[in-house]
1. Check off (1) loosely packed, with under 14 Cβ neighbours inside 10 Å; (2) touching an Asp or Glu at 6+ places or on another chain (Cβ under 7 Å); (3) of a type outside the set (S, T, N, Q) for LYS35 and give me the number that stays unchecked.
2. Among the numbered criteria (1) in contact (Cβ under 8 Å) with a residue 40 or more places away in the chain; (2) surrounded by fewer than 20 Cβ atoms within 10 Å (Cβ to Cβ); (3) among the hydroxyl-bearing types (Ser, Thr, Tyr); (4) under 30 Å from SER37 (Cα atoms), which one does THR135 miss?
3. From LYS125, LYS160, LYS117, LYS112, which residue is in a loop (DSSP other than H, G, I, E, B), surrounded by 15 or more Cβ atoms within 10 Å (Cβ to Cβ) and touching a residue at least 12 places away in the same chain (Cβ under 8 Å)?
4. Can you say whether ALA191 is at pLDDT 95 or above and either more than 15 Å from the chain's Cα centre (by Cα) or outside any strand (DSSP E or B) (or both), as far as the supplied structure shows?
5. State yes or no: is VAL133 outside any helix (DSSP H, G or I), touching a Leu at 6+ places or on another chain (Cβ under 6 Å) and closer than 30 Å to GLU246 by Cβ?
6. For VAL177, are the conditions met, namely being part of a helix (DSSP H, G or I), under 23 Å from GLY83 (Cβ atoms) and in contact (Cβ under 8 Å) with a residue 12 or more places away in the chain?
7. Return the residues of the stretch 142-151 that are surrounded by fewer than 17 Cβ atoms within 10 Å (Cβ to Cβ) and part of a helix (DSSP H, G or I); say none if nothing qualifies.
Amino acid sequence: MKEIKLKRSHLSPKDRLIISIDVSTRKEAINLCKKISGGVTTLKIGLELLYSTGLNIIDTIKSFGYRIMLDAKLLDIPNTINGAARAIAGLGVNAVTIHSTGGKQMLISAAKAIEEKARLDARIKPLLFAVTVLTSLDNEDLESIGFKEDFSRTVLNLSKVAVESGMDGIICSPNEVEAVRKLLGNDFYIATPGVRLPGDSINDQKRINTPAEAISKGADFIIVGRSITTRKDVEGAVYHYIEEIERVININD
């Protein structure tokens, strides 16, 4: 875990903003890569783009110089996830998401498979980020599907499971970051979706906050999609988010 701590201290503002490319065609993805114009280092691609265009979209996006967070949201029995994680580790992505609700054995199996495959291929292993509670869910949603704890306690419980299982980071809303850091410390990454500038549409998110709040409470990365990618001036929207991140970092320094 010491390696993670060293990496955290060298994150630039451009590293800290991850943009979700939630589109369904190769042309749209390429257009966004151009519009973002290298304003960030990492793009997140997920189920919509992958199922619409196929895995070769990864190489297409990498050809623009971006790193890739593969939002696979892995969730299955440990043996199945072991095979899936091993395959993903050969794709050349930089980070992968996995659901912490799969439990310790599944998470450990994924971490082991990715590390072994990366060592076999002599390449840097992708970071594993464990999703805790989706930002589209609130307490009423959790209760309706059988959770006994509220989302705050559930996020803490799942974060603890993830960290103890060797995950490189966790994903939670900006509103839980401070509590997670207080409970579990700093030797892992936190990435936060559900981030909006004042005045942005919340869309289908329920637990949201600003970039300033997320970073100041201890988040390493903020993940933003439609609030940037649907703007007429995408590059300008990226700039505003980066500017906000820089402001908070300068204050904290």
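1. Evaluating LYS35 over (1) loosely packed, with under 14 Cβ neighbours inside 10 Å; (2) touching an Asp or Glu at 6+ places or on another chain (Cβ under 7 Å); (3) of a type outside the set (S, T, N, Q) leaves (1) as the failure.
2. THR135 satisfies every listed condition except (2).
3. Matching residue, one of LYS125, LYS160, LYS117, LYS112: LYS125.
4. Considered against the rule, which asks whether it is at pLDDT 95 or above and either more than 15 Å from the chain's Cα centre (by Cα) or outside any strand (DSSP E or B) (or both), ALA191 comes out as no.
5. Spelling it out, it is not the case that VAL133 is outside any helix (DSSP H, G or I), touching a Leu at 6+ places or on another chain (Cβ under 6 Å) and closer than 30 Å to GLU246 by Cβ.
6. no
7. Within the stretch 142-151, GLU143, SER144 qualify.
The values are calculated or read from the model by the stated rules, or taken from the named source; none is laboratory data. Just so it is clear, the structure is predicted and the values come from calculations on it, not from any experiment. Cβ atoms come from the backbone with ideal geometry, glycine included; neighbour counts cover every protein chain shown.
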